[in-house]
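The values are calculated or read from the model by the stated rules, or taken from the named source; none is laboratory data. Keep in mind that what you see is a predicted model, and the values were worked out from it rather than measured. Ideal geometry is used to build each Cβ from the backbone, glycine not excepted, and the neighbour counts take in all protein chains shown.
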Amino acid sequence: MNFQEGEILYIDKPLRFTSFDVVNKIRYTLCRTLKVRKLKVGHAGTLDPMATGVMIVCTGRSTKQIEEFQYHDKEYVATLRLGATTPSYDLEKEIDAYYPTEHITREKVEEVLQQFRGTIEQIPPSFSAIKIGGVRAYEMARKGRDVELKPKTLVIDEIELLDYSMPYITIRVVCSKGTYIRALARDIGQALQSGAHLTALKRTRIGDVTLDKCLSLEDFPQWLSQQEIDIPQNEEKQT
């Protein structure tokens with residue numbers, strides 16, 4: 001394997017790690033193994049800290065393929081708690097409001113989910129990495145500042161109810177680039193005349209890359225030690 005020329009890694013992102021944390025850990029491990037100071041490493045498609053699942057990490061010249069991977073469709077399995085909301089639409093923030101759920105039935109949930117199939121407009125969460133005047137939206141939101149984001153057009157190819165155990169439901173979603181599942185949870189809650197937030201989110205696929213093809217971040221160093229790696233010559237060594 002030649003990580004400087006370019007390799008593509010499939011990683012199962014652990015809970016509470018940012019996508020940046022994953023890239024940093026992989027870069028650090030690779031630099032120590034290759035005995036180099038720098039290595040280009042990037043990822044295709046951000047996952048929130050409270051989400052887990054498929055991340056595609058590219059090294060060296062393979063980072064040029066990141067944009068291509070970002071346009072592949074993505075599949076998620078998400079668990080929503082109905083009847084309660086949080087400012088971040090997930091468990092990053094505490095519950096800020098409660099809503100009635102007595103009127104919600106399995107049939108009503110399945111009916112509402114179909115409203116989100118196809119091309120839709122979605123307002124991204126204020127707790128997102130979108131930049132407003134050069135500042136990340138989540139930085140402004142965490143300081144209590146008002147964040148106004150414009151709706152984005154995206155496509156939900158598939159959406160289905162996997163489990164109904166009130167006040168929790170689990171759904172499977174196949175969607176286009178730029179879809180925020182947290183915002184989808186918010187909108188589903190509103191469509192049910194209630195509220196909702198994510199309690200679990202797993203990305204199970206990017207394009208043809210499924211979760212069973214991914215390596216855990218914890219196992220990455222051991223896996224790397226078992227690979228045949230091209231060690232660069234005449235590179236500036238680490239001190």
Could you tell me whether any residue of segment 165-182 is more than 13 Å from LYS74 (Cβ to Cβ) and out of contact with any Ser or Thr (no Cβ under 9 Å at 6 or more places or on another chain)?
yes
Looking only at segment 124-139, decide whether some residue is at pLDDT 80 or above and out of contact with any Cys (no Cβ under 6 Å at 6 or more places or on another chain).
yes
Taking only segment 77-103 into account, find how many residues are in contact with a helix residue (DSSP H, G or I) (Cβ under 9 Å, 6 or more places away or on another chain) and either in the same structural domain as PHE17 (by TED's automatic domain parsing) or aliphatic (A, V, I, L, M) (or both).
4
Hits in segment 81-96 - residues which are of a type in the set (Asp, Glu) and surrounded by 15 or more Cβ atoms within 10 Å (Cβ to Cβ):
ASP90, GLU92
Scanning segment 182-228 for residues that are surrounded by fewer than 15 Cβ atoms within 10 Å (Cβ to Cβ) and in contact with a Phe, Trp or Tyr (Cβ under 7 Å, 6 or more places away or on another chain) gives LYS213
Going through (1) of a type outside the set (Lys, Arg); (2) assigned to a loop (DSSP other than H, G, I, E, B); (3) over 30 Å from THR170 (Cα atoms) one by one, GLN65 fails only at (2)
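Identify, please: which residue in segment 141-170 is aliphatic (A, V, I, L, M) and surrounded by fewer than 17 Cβ atoms within 10 Å (Cβ to Cβ) and is, among those, modelled with the lowest pLDDT? So that I can check it myself, show each step before the final result.
Residues of segment 141-170 that are aliphatic (A, V, I, L, M), as a first pass: 141, 147, 149, 154-156, 159, 161-162, 166, 169.
Next, only the ones that are surrounded by fewer than 17 Cβ atoms within 10 Å (Cβ to Cβ) stay: 149, 155, 161-162, 166.
Numbers: LEU149: 73, VAL155: 95, LEU161: 98, LEU162: 98, MET166: 97.
Per the stated criteria, the residue is LEU149.
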Looking for whichever is modelled with pLDDT under 90 and over 21 Å from SER225 (Cβ atoms) here; the options are THR52, THR63, THR46. Which one fits?
THR46
Are there any pairs, at least 6 apart or on different chains, whose C-beta atoms fall under 9 Å, with the first in segment 219-235 and polar (S, T, N, Q) and the second modelled with pLDDT of 80 or more, and if so, which?
SER225/THR33; GLN227/MET1
Filtered residue count, segment 65-74, keeping only those that are in contact (Cβ under 8 Å) with a residue 40 or more places away in the chain and out of contact with any strand residue (DSSP E or B) (no Cβ under 7 Å at 6 or more places or on another chain)
1
Exclusive hit being free of Cβ contacts under 8 Å to residues at least 60 places away in the same chain and either over 26 Å from CYS214 (Cβ atoms) or over 20 Å from the mean Cα position of the chain (by Cα) (or both), set LEU113, LEU30, LEU82, LEU39:
LEU39
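Has segment 186-200 got at least one residue that is among the basic types (Lys, Arg) and in a strand (DSSP E or B)? Full working, then the answer.
Quick first cut of segment 186-200, residues among the basic types (Lys, Arg) only: 186.
Filter once more, so that each one left must be in a strand (DSSP E or B): none.
Scanning segment 186-200, I find no residue that is among the basic types (Lys, Arg) and in a strand (DSSP E or B), so the answer is no.
Filter segment 1-40 down to residues that are acidic (Asp, Glu) and surrounded by fewer than 18 Cβ atoms within 10 Å (Cβ to Cβ) and give me whichever is farthest from LEU224 (Cα to Cα). Full working, then the answer.
At the first step, the residues of segment 1-40 found to be acidic (Asp, Glu) are 5, 7, 12, 21.
Cutting the leftovers down to surrounded by fewer than 18 Cβ atoms within 10 Å (Cβ to Cβ) gives us 5, 21.
Values: GLU5: 16, ASP21: 18 Å.
Out of the qualifying residues, it is ASP21.
Do you know which of the residues in segment 97-123 that are hydroxyl-bearing (Ser, Thr, Tyr) and in a loop (DSSP other than H, G, I, E, B) is surrounded by the most Cβ atoms within 10 Å (Cβ to Cβ)? Explain how you work it out, then say what you get.
Kept after step one, since they are hydroxyl-bearing (Ser, Thr, Tyr), are these residues of segment 97-123: 98-99, 101, 105, 119.
Within this subset, residues satisfying the condition of being in a loop (DSSP other than H, G, I, E, B) are 99, 101, 105.
Working: TYR99: 16, THR101: 18, THR105: 12.
Out of the qualifying residues, it is THR101.
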